[in-house]
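Peer 1: Sharing a structure here in C-alpha cells format.
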Amino acid sequence: MANYLFFESRDVFESNDVQRLCELAIQLRRAGHGVALFLVQNGTLSARAGVAASRLHQAIAAGVHVLADEFALAERGIGTERLAGGVEVAPLGEAVGLLAAGWKAAWH
Amino acid sequence: MNDRKTLTFALMDPPYESARTTTAFRLLHAAIAQGHDVNVFAYEGAVALPFARQAPHANATHGRSAEEERHPVPREWVDALAAMAREKGTAFDWVNCGLCVDERGVGEAVACARRGSPADFWKMAEASHNTLVIGTR
C-alpha cells in the first residue's frame, strides 16, 4: 500500500475539480492506501463547518486525513471554532514532513 | 527533525500573480528549516522569481516612500532561502529553465540561481526522495 499527499488550493465553489479530487482521495483510502488532503490557500474555505462540500465530509468519514494550513486559515479569518469536525489545523511544515517520508504528492 | 532528505520542487508561476508562489516559498522555507536539501526547478514564468533587476517601489497613493512601503521582491526571498540553507548546512540549488529565461529576457538572476534545462529537473527528481510539481492552472 502506498501513501498519497494531495494539496488542494482551490475553493470548492470555484472548481468542481475539488469534489473530484476528494473522490479520488476517498477511493484510494477505501483501497487501503494512506491518504492526506492538505488544504491550502482558498482550499481552506471548504474546511468551514456548514459549507456544502459534501465530498470533503465523505473523505473525512472515509478516513482521509484532512489538514488545513493554519496560515491560510488566519489569512481568511477562519477561526478553528468555525472548522468542520475532523479537520486538523496544521503548519505547512507537516506537509514537508510527509514529502520527506516519501508520500506520493500531487498539487491541485 | 526528520532525517535529512532531498526534496525537489518545480515552480511555474511568475512573481506577483498567484498565491501559489507564496505557498511554494513557504514550503521551501519549511523544508530548509527541517534540514532537508532542496532543489528548485523554475519553469516558464517562475524564472522571473530570481530576476536581479526587480526593484521595490514607493506607494504614492498611500504617501509612502520605498523604504516605508517595503514592497517585497521575490529575488530577496530566493537569496534569503539560499542564505538560510548555508546557515543550516543544507544544499539549495535553484535552476532556471534557460529557454524560458531567454523568452522573457530575465537572464540577470541573483547569484544563487543558475541556468539549466528541463533535463536538470529530470536529474533532480531522479536524485531526490520526493518531488512536488506546483503547476499553473
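Peer 1: Using a Gaussian network for chain B with springs between C-alpha atoms less than 10 Å apart, which of these wobbles most: B:L28, B:L11, B:L99?
Peer 2: The residue that fluctuates most here is B:L99.
Peer 1: Taking all pairs of different Cα atoms in chain B, averaging 1/r and flipping that mean, what Kirkwood radius in angstroms comes out? Walk me through the intermediate numbers first.
Peer 2: On the way: mean 1/r = 0.0650 Å⁻¹.
Every distinct Cα pair counted, the radius reaches 15.4 Å.
Peer 1: Taking the C-alpha atoms of region A:3-107, how large are the radius of gyration and the largest Cα-Cα span, Dmax, in Å?
Peer 2: Rg then Dmax for region A:3-107, in Å: 12.4, 36.
Peer 1: Could I ask something else about it? Counting other Cβ atoms within 10 Å of each Cβ, which trypsin sites (Lys or Arg not before Pro) in region B:1-87 have at most 15 and sit in a DSSP loop?
Peer 2: Numbers: sites: B:R4, B:K5, B:R20, B:R26, B:R53, B:R64, B:R70, B:R75, B:R86; in loops: B:R4, B:K5, B:R53, B:R70.
Passing sites in region B:1-87 are B:R4, B:R53, B:R70.
Peer 1: Taking chain B as the reference, fit the longest principal axis to its C-alpha atoms, fit the long axis of helix B:74-88 to the helix C-alpha atoms, and give the angle between the two in degrees, 0 to 90, nearest 10.
Peer 2: Compared with the principal axis, the helix lies near 40 degrees.
Peer 1: Another one. Given a 1.4 angstrom probe, I'd like the percentage of the accessible area of region A:9-54 that is carbon and sulfur, rounded to a whole number. Please list the in-between numbers first.
Peer 2: On the way: 850 of 1890 Å².
The C+S portion of the solvent-accessible surface of region A:9-54 is 45 percent.
Peer 1: Using alpha-carbon pairs under 8 Å, 6+ residues apart, how would you state the relative contact order of chain A in percent? Numbers along the way, then the final one.
Peer 2: Working: 184 pairs, mean separation 38.3, N = 108.
Reported relative contact order: 35 percent.
Peer 1: Other chains near B:123-133: what is the mean number of their Cβ atoms within 10 Å of each residue's Cβ?
Peer 2: Working: counts 0, 0, 0, 0, 0, 1, 4, 10, 3, 8, 3.
Mean number of neighbouring Cβ atoms from other chains: 3.
Peer 1: For B:R115 and A:E23, what does the FRET efficiency come to when R0 = 51 Å and r is the distance between their Cβ atoms, rounded to the nearest 0.05?
Peer 2: On the way: r = 41 Å, r/R0 = 0.81.
Using R0 = 51 Å, I get an efficiency of 0.80.
Peer 1: How large is the helix-only mean residue ellipticity at 222 nm for chain B, computed as the sum of -39500 (n - 2.57) over DSSP H runs with n ≥ 4, divided by its residue count, in deg cm²/dmol to the nearest 500? Numbers along the way, then the final one.
Peer 2: Details: 5 runs with 50 residues, N = 137.
One gets -10500 deg cm²/dmol as the mean residue ellipticity at 222 nm.
Peer 1: What percent do you get for the relative contact order of chain B when only Cα pairs under 8 Å and 6+ apart count? Provide the component values of the computation, followed by the final result.
Peer 2: Working: 245 pairs, mean separation 47.0, N = 137.
Relative contact order, chain B: 34 percent.
Peer 1: So which cysteines of chain B have no other cysteine's Cβ under 4.7 Å from theirs?
Peer 2: Here B:C112 come out as lacking a disulfide-compatible partner, given the Cβ-Cβ threshold of under 4.7 Å.
Peer 1: Which value in Å is the Kirkwood Rh of the protein assembly as shown over different Cα pairs? Kindly include the intermediate steps, with their values, before the conclusion.
Peer 2: Numbers: mean 1/r = 0.0528 Å⁻¹.
Here the Kirkwood hydrodynamic radius works out to 18.9 Å.
Peer 1: Full extension from B:R137 to B:E17: what is 0.36 nm times the residue separation minus their Cα-Cα distance, to one decimal in nm? Write down the numbers at each step before the final one.
Peer 2: Details: separation 120, 0.36 × 120 = 43.20 nm, distance 1.20 nm.
Length gained, B:R137 through B:E17: 42.0 nm.
The values are calculated or read from the model by the stated rules, or taken from the named source; none is laboratory data. Here the structure is a predicted model, which is why all the values come from computation and not from measurement. Every residue, glycine among them, receives a Cβ derived from its backbone with ideal geometry; neighbour counts consider all protein chains shown. In case anyone asks, the SASA skips ligands and DNA or RNA and just uses the protein heavy atoms, side chains included. Shrake-Rupley method; radii C 1.70, N 1.55, O 1.52, S 1.80 Å.
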